[in-house]
Amino acid sequence: MALAARIALLVVLVAELMDILDQSVVLTALPAIQESTGAGPVAVQWLTTGYSLPVAVGLITGGRLGDLYGRRKILLIGTVVFTAASLLCGLATGPGALNGARLLQGVAVALMIPQVLATLHVTFEGQNRSKAFGLYGAGLSLANVLGPVMGGLLTEADLFGLSWRPIFLINVPVGLAVLFLGRRFIPESTAQKADRLDLPGMLLSALAIVLIIFPLTEGHLHHWPLWCFTMLASGLLVLGVFLSHQQRKQDNAPLVPLTLFRSRQFSGGLSAQLMHGLLCGLFFMTWTLYLQRGLGMSPFHAALAFVLLSLGELAGATIAAKSAGRLARRLPQTGALIALAAMAAYGRQADAGQADLTLLAMTAPVVLIGFGLGMVSGPLADMSLARVPHQDAGAASGLFNTAMHLVGLGQVGCGGACPLGPV
């Protein structure tokens, strides 16, 4: 792999890293943010939801914008907005301003993130492609480890008396570096035939996602009233209208080329990603409650358990990156089997009457669960996009990333549990 290609790979992975870090870095800083800004429980909840919701809503549109107007261009535009929004987060003095800046960060991420997988797909081939996607998976795992740790360390360090603010301000120099290096080293790519953006499709897809996701994220706060189920039903209806609209637009620049789903590899990979995320979400929610309510762990010790799992995930993703190539197709299946076996062993350990199960005693199965999960993400993304036409790479990446973010928002909605305690 040439030096310029390596730098381009590093830049797009750092862009992805900023997104994942900003999803989790706030968790350990929430008490300090709440004390400093006087934010109430609802405002604190929206520090995460207000970031993730516009990401989920805008990913499909962001991916298609990259196809039409240039993936490097849209990535860099998103980076400019994200860097400015991060600065606004760091300067915010109240919960309203902070949540507004977080929402702007989410909009920027919706532009940035689809370009990462799309750029990897159209830039790298053969062994280099498999390695690039393997490193992508490793980057996701690394961010899962670094996020809560960085949030805690930067807040505790109280640099220049800024308390929690450096968790956002650190994005400013990183974002500037992505802009400088990205403009120089990332090759521009676009669809061969650049059509207009499907504005009705964009609005319908955004409306459908909001109607589905908003009640899932807010329902538990209001004890699941009737309006939650009404919104969900309306969201499914609008989704049907969106699909019908896309079917009619297939020969006239659709937002989502439905021809993507003719490929069993893409549709199967997308389904596998969604199922993988849903099952992981159920496990993490149950595990969080088990650690804190079942074993009586403090939020700090529960967070340490998640760090153990993330370290195992990083190891699995690293192995997957090094084993890329002819073994790539077997890695997701192997990882899933390892994770399932480790979960079964952990379940038996918990069922053996060990109400006083310690963090040390659960280390082996927890690390193995993470190890198996770490082998899935990168190779699964590689396989899912392998046969996608380059002109539709952004749309496919937007769909794939939407599946991941929808799952994350669903987790927030099913009780608001997080490894660091209720928010």
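The values are calculated or read from the model by the stated rules, or taken from the named source; none is laboratory data. On a predicted model such as this, the values are computed, not experimentally measured, just so you know. Positions of Cβ are generated from backbone atoms using ideal geometry, with glycine treated the same way; all protein chains shown enter the neighbour counts. Accessible surface is based on the protein model in full, side chains and every heavy atom, while ligands, DNA and RNA are left aside. Shrake-Rupley method; radii C 1.70, N 1.55, O 1.52, S 1.80 Å.
Points worth noting:
- Scanning segment 247-259 for residues that are over 24 Å from the mean Cα position of the chain (by Cα) and either crowded, with 19+ Cβ neighbours inside 10 Å or not in a helix (DSSP H, G or I) (or both) gives LYS249, GLN250, ASP251, ASN252, ALA253, PRO254.
- Residue count for segment 263-296, restricted to those that are over 22 Å from the mean Cα position of the chain (by Cα), closer than 30 Å to GLY394 by Cα and not small (Gly, Ala, Ser): 1
- Failed condition for ALA8, given (1) surrounded by fewer than 22 Cβ atoms within 10 Å (Cβ to Cβ); (2) in contact with a Phe, Trp or Tyr (Cβ under 7 Å, 6 or more places away or on another chain); (3) of a type outside the set (S, T, N, Q); (4) closer than 15 Å to VAL116 by Cβ: (1)
- Of all residues in segment 368-387 being open to solvent by 10 Å² or more (accessible area, probe 1.4 Å) and either farther than 26 Å from ALA305 by Cα or modelled with pLDDT of 90 or more (or both), the one that is nearest to the chain's Cα centre (by Cα): ASP382
- In the set ARG71, ARG102, only one residue is closer than 18 Å to VAL44 by Cβ, in contact with a Gly (Cβ under 7 Å, 6 or more places away or on another chain), charged (D, E, K, R) and at pLDDT below 95; that residue is ARG102.
- Segment 143-180 - residue that is modelled with pLDDT under 80 and buried (at least 22 other Cβ atoms within 10 Å of the Cβ) and, of those, farthest from the chain's Cα centre (by Cα): GLY151
- Across segment 297-309, not a single residue is classified as within 19 Å of the chain's Cα centre (by Cα), under 30 Å from PHE242 (Cβ atoms) and not small (Gly, Ala, Ser).
- Residues in segment 157-209 that are in a loop (DSSP other than H, G, I, E, B) and without any contact (Cβ under 8 Å) to a residue 12 or more places away in the chain: ASP158 alone.
- Where PRO422 falls short, out of the listed (1) open to solvent by 40 Å² or more (accessible area, probe 1.4 Å); (2) at pLDDT 70 or above: (2)
- Hey, ALA43 open to solvent by 10 Å² or more (accessible area, probe 1.4 Å) and among the small types (Gly, Ala, Ser) or not: yes
- Of residues in segment 342-358 being in contact (Cβ under 8 Å) with a residue 24 or more places away in the chain and under 27 Å from the mean Cα position of the chain (by Cα), the one surrounded by the most Cβ atoms within 10 Å (Cβ to Cβ): ALA342
- On the stretch given as segment 264-278, residues that are at pLDDT 80 or above and surrounded by fewer than 18 Cβ atoms within 10 Å (Cβ to Cβ) total 7.
- Any hit, segment 221-237, residues being open to solvent by 40 Å² or more (accessible area, probe 1.4 Å) and in contact (Cβ under 8 Å) with a residue 60 or more places away in the chain: yes
- Pairs linking a residue in segment 382-400 that is in contact (Cβ under 8 Å) with a residue 12 or more places away in the chain to a residue that is of a type in the set (Lys, Arg) and open to solvent by 10 Å² or more (accessible area, probe 1.4 Å), with Cβ atoms under 6 Å and 6 or more positions apart or on different chains, are GLY394/ARG64; ALA395/ARG64.
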